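This report refers to the structure that appears directly beneath it.
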Amino acid sequence: MMQRGKRAIVIGASSGIGLEVAKLLIRQGWTVGVAARRVELLQGIGAAAVERIDVTANDATEALQRLIAKTAGMDLFFYASGIGKQNRELKEDIELATMQTNGVGFTRMIGEAYRYFASRGGGHIAAITSIAGTKGLGPAPSYSATKALQNVYLQALEQQALSRKLNIRFTDIRPGFVNTALLSGDFHYPMMLQPEEVAKEIVYAINHKKHIRIIDWKYRVLTALWRRIPRWLWRRFRL
């Protein structure tokens, strides 16, 4: 599905899913602006514009506006930034860094994209959240909590946009375990997905204007089962 004349901004495009989505959008004819903290990793993608953006920094929204100006506008805002670690010992630095990036950073950047589209007649916001927002996961408390925040925040903005009669569309993308640097380490994760295949599903969901996309079918079955587990039983699970 070619998208000539359409302009997309990809936040978190230096590696993993964000990188693969940016490359797919470019191949489909989008004019793409990319951003990440490590701008040296953004070279060679073929993007129309590059900007350094740290979503935890107070000037991140100003950097986003510069990137939008470089691409002469924005029709799609794709957000792939995030961090996450297992934290069974509940180390404070891990918990707070996760809250800052996945909570405050997410809210800052999604909010700026929403305000941009609200002032210009509409657009499409797509963001990677996670199936981890389905239930509180003991091994990763702040990660699962911030992913639940992201799910609900997008849902709330979608409701607000409709009530305000704003032509803003949302796609909440919820992958399972993906083979990226985020999950590197000694722990073996089951049902691991490859970023290239995940990116294809994401771009399909964007092009077909899906509201929520759980990736892939195995995780759609898994999360459907998770939702049916009562709290008294879930808290006894040893993960």
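The values are calculated or read from the model by the stated rules, or taken from the named source; none is laboratory data. All values reported here derive from a predicted model rather than from experimental measurement. Please note: Cβ atoms are built from the backbone with ideal geometry, for glycine as well, and neighbour counts cover all protein chains shown. These area figures cover heavy atoms from the full protein model, side chains too; ligands, DNA and RNA do not enter into them. Shrake-Rupley method; radii C 1.70, N 1.55, O 1.52, S 1.80 Å.
The table below gives the values:
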item: Sole residue being within 23 Å of Val178 (Cα to Cα), assigned to a helix (DSSP H, G or I) and not acidic (Asp, Glu), chosen from Ile83, Ile110; result: Ile110
item: Filter result for the condition that a residue is in a helix (DSSP H, G or I) and modelled with pLDDT of 95 or more, over Ala97, Ala72, Ala57; result: Ala97
item: Any hit, region 24-35, residues being in a helix (DSSP H, G or I) and without any contact (Cβ under 8 Å) to a residue 24 or more places away in the chain; result: yes
item: Qualifying residue in region 14-33 (condition: on the phi > 0 side of the Ramachandran plot, touching a strand residue (DSSP E or B) at 6+ places or on another chain (Cβ under 9 Å) and buried (at least 24 other Cβ atoms within 10 Å of the Cβ)); result: no
item: Count of region 124-183 residues which are closer than 22 Å to Ala205 by Cα, within 15 Å of the chain's Cα centre (by Cα) and among the small types (Gly, Ala, Ser); result: 7
item: Exclusive hit being hydrophobic (A, V, I, L, M, F, W, C), closer than 19 Å to Arg108 by Cβ and either surrounded by fewer than 15 Cβ atoms within 10 Å (Cβ to Cβ) or without any contact (Cβ under 8 Å) to a residue 60 or more places away in the chain (or both), set Ile45, Ile94, Ile11, Ile68; result: Ile68
item: Among (1) open to solvent by 10 Å² or more (accessible area, probe 1.4 Å); (2) farther than 22 Å from Gln150 by Cβ; (3) touching a helix residue (DSSP H, G or I) at 6+ places or on another chain (Cβ under 9 Å), the one test that Gln86 misses; result: (2)
item: Subset of region 191-239 [of a type in the set (D, E, K, R), open to solvent by less than 50 Å² (accessible area, probe 1.4 Å) and under 20 Å from Lys135 (Cβ atoms)]; result: Asp216
item: Matching residues, region 122-171, being surrounded by fewer than 17 Cβ atoms within 10 Å (Cβ to Cβ) and outside any helix (DSSP H, G or I); result: Gly122, Gly136, Gly138, Pro139, Arg164, Lys165, Asn167
